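The values are calculated or read from the model by the stated rules, or taken from the named source; none is laboratory data. Computed from a prediction, not measured in an experiment: that's the story for all the values here. Ideal geometry is used to build each Cβ from the backbone, glycine not excepted, and the neighbour counts take in all protein chains shown. For accessibility, only protein heavy atoms count, side chains too; no ligands or nucleic acids. Shrake-Rupley method; radii C 1.70, N 1.55, O 1.52, S 1.80 Å.
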Amino acid sequence: MNLTPEIDPLMSPNRAEVSLKAIAHNTAQLRAAIPDYIALMAVVKADGYGHGMVDAARAAIAGGATWLGVAHPVTALDLAHADLDVPILAWLHEPVSAKNMLPHAIGAGVDLAVSSLAQLEAVIEAARSIERRVRVHVALETGMGREGAFASEVEKIGAAILESPHVSLAGAMSHLFNADVPGDASVREQAERFEAMCERLEASAGPIPLRHLSARAGALAG
């Protein structure tokens, strides 16, 4: 007696087919929608959102991406070892693994974001341990509520960057949380808050080479 039911096509394992040409095309469309002087970062965290991080990164670069972004420094190492000729930024790291993991990321040339003075101090210590200088981006809390330094800490972070020979200020960053809602007042409020915090950062650390605030929806909305 056969107890195995016939396979129902609707219950068969899910399958996703990834088109690298589509990734390159979509990136090219976004590249064409923004001015040439604005850098375009392809975020390929979570294994390229399940699409295969390195392959998705190559496709995005082919479409015009000039930066790659990931959440965790250990993930950035896989990109750094793939010989991709664009800068890589990682923005999430915590104190438990930082001591062992950050020196490897710094040694591979990965840019790191810092959201607090404590995070910056961990990055400085990691860079000091291998006698390297690391490029840091200061994440600023403008309303997302997920990560970023508060206004009260910005000057301290800037002063510590200026004082240390092991870090250089590469950028300031934040993230729009409601840019996909046309005309939402929070976008302007976040932009104004971001600019004000950048002024405070520049006053203590010097010029900010790169400022990145927008999300994909913000870029398309202009």
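Could you go through segment 161-169 and let me know if any residue there is surrounded by fewer than 18 Cβ atoms within 10 Å (Cβ to Cβ) and closer than 18 Å to Arg200 by Cβ. Yes, there is a match, as at least one residue in segment 161-169 is surrounded by fewer than 18 Cβ atoms within 10 Å (Cβ to Cβ) and closer than 18 Å to Arg200 by Cβ.
Number of residues in segment 47-91 that are part of a loop (DSSP other than H, G, I, E, B) and of a type outside the set (S, T, N, Q): the value is 16. Annotation note: of Ala90, Ala80, the sole residue that is closer than 28 Å to Ala151 by Cα and either open to solvent by 20 Å² or more (accessible area, probe 1.4 Å) or modelled with pLDDT of 95 or more (or both) is Ala90.
Within segment 100-134, being in contact (Cβ under 8 Å) with a residue 40 or more places away in the chain and not in a loop (DSSP other than H, G, I, E, B) holds for Asp111, Ala113, Val114, Leu117, Leu120, Val123, Ile124, Ala127.
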